[in-house]
Amino acid sequence: MPEGDTIFRTARALSRALVGKPITGFRSTFPLLTRFNDDTPLVGQLVESVESRGKWLLIHFSGGGTLATHMLMSGSWHIYRPGERWQQPNGNMRIVIENSDYLAVGFRVPVARMHTALSLARDTKIPRLAIDVLSQEFDAGAAARRLIAHASEEIADVLLRQEVLAGVGNVFKSEICFVTAVNPFCKVAALSQEQVTGLISAAQKLVAANVLEDSGDEIVTYGGRKRRTTHESDPSASLWVYSRKGEPCRRCGELIRRRLQGPDARVTFWCPRCQPMPDGSDIDG
Ligand SMILES: [Zn+2]
């Protein structure tokens, strides 16, 4: 699943290609989108803005409609010049938005719906801006209260809850726990207030660092800017713990552990020495 930083960068790229330009073409394989377009044609409207909210991408049109898409595991948006060869088969096309300069093509987008301002506000699946770690309106204090409300759950599972912190995905989950020295299997109830504050602040910082203009496609939490050498084509080279099972911890040299965690059995990585359980118990990797 794309992390929040990926969706943010997609929104930025789509924004540059689409915002302020009249739409010259719209196609979709989603019947509800084509029906909306039949009733309220998008051709001639402008794209007013494109934004990410957690893992949702929202395209706002001047006629008042908003196209909301969620990529899940499979979907992606590409931008092409007219006539440019697509990098995916035509059969994967789900949505095309065209202007005189570009085509934005949504491939294998699994979830798409057209919203009015009212239905968008009522759609509880799409996070409000205040809970997106990348939003200017993000409210860290409120995020801490939402997190603490899941007292009986393990912290790494709660970090993945999009209604608690929108924009944190499975890679960031492990990295956030490492940089705050919190064991990912620790119950939320056992965390100190400082740890809760630190986790939320780390979530904001790590995700934000990966949406800078010069940040590449790989997630980087370790070593600052990614150096583009062949050796570092391995994404884990830029991470503290994720995907580094059995390799030495970058802080203490202990071997990094890996374990499936939570109801969805998502993979978690951690250092047993840097991230001890509060009661001193050992979690097998
Ligand atoms: Zn360590």
Chymotrypsin sites (Phe, Trp or Tyr not before Pro) lying in DSSP loop within the range 46-115, provided at most 10 other Cβ fall within 10 Å: none
Å² of accessible area per residue within the chain, as computed with a 1.4 Å probe and no ligands counted: 48
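Using a simple charge model, +1 on the beta-carbon of Lys and Arg, -1 on the beta-carbon of Asp and Glu, nothing else, what dipole does the chain show about its Cα centre, in debye to the nearest 20?
That gives the chain a dipole magnitude of about 340 debye.
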Karplus (6.51, -1.76, 1.60) ³J(HN,Hα), θ = phi - 60°, over the range 120-130, in Hz, Gly and Pro reported as x: 5, 5, 8, 7, 6, 6, 8, x, 6, 4, 5
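Show me the GluC sites (Glu not before Pro) within the range 106-164 that DSSP assigns to loop and that have at most 11 other Cβ atoms within 10 Å of their Cβ.
Numbers: sites: Glu137, Glu153, Glu154, Glu163; in loops: Glu137, Glu153, Glu163.
Qualifying residues, ordered by number: Glu137.
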Accessible-area composition of the range 11-64, carbon plus sulfur, in percent [1.4 Å probe]: 55
27 Å Cα-Cα threshold exceeded, pairs from Lys21/Lys125; Lys187/Lys245; Lys55/Lys187; Lys21/Lys173: Lys21/Lys125; Lys21/Lys173
Percent carbon-and-sulfur accessible area, the range 168-210, ignoring ligands, DNA and RNA, probe 1.4 Å: 59
For Met93, solvent-accessible area (1.4 Å; no DNA, RNA or ligand), Å²: 30
Cα gyration tensor shape for the range 1-133, rounded if a/c is under 1.5, else prolate or oblate: rounded
Computed helical MRE - 222 nm, the chain, DSSP H runs ≥ 4 contributing -39500 (n - 2.57), nearest 500: -7500 deg cm²/dmol
Simple label model, 7 Å out from Cα along Cβ direction - Asp39 to Ile148, nm: 4.5
Check: the range 81-136 dipole with +1 on Lys, Arg Cβ and -1 on Asp, Glu Cβ, in debye: 240
Assigned charges on the beta-carbon of Lys, Arg, Asp, Glu; the range 115-195 dipole about Cα centre (debye): 180
Positive-end residue of Phe36, Gln275, Gln136, charge dipole of the chain with Cβ unit charges: Phe36
Calculated SAXS-style log₁₀ I(q)/I(0) at q = 0.06, 0.12, 0.13 Å⁻¹ - the chain, Debye, Cα scatterers: -0.22, -0.80, -0.91
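The values are calculated or read from the model by the stated rules, or taken from the named source; none is laboratory data. Only a predicted model underlies this, so the values are computations on that prediction, with no experimental measurement involved. Positions of Cβ are generated from backbone atoms using ideal geometry, with glycine treated the same way; all protein chains shown enter the neighbour counts. Surface accessibility is based on the protein's heavy atoms, side chains included, excluding ligands, DNA and RNA. Shrake-Rupley method; radii C 1.70, N 1.55, O 1.52, S 1.80 Å.
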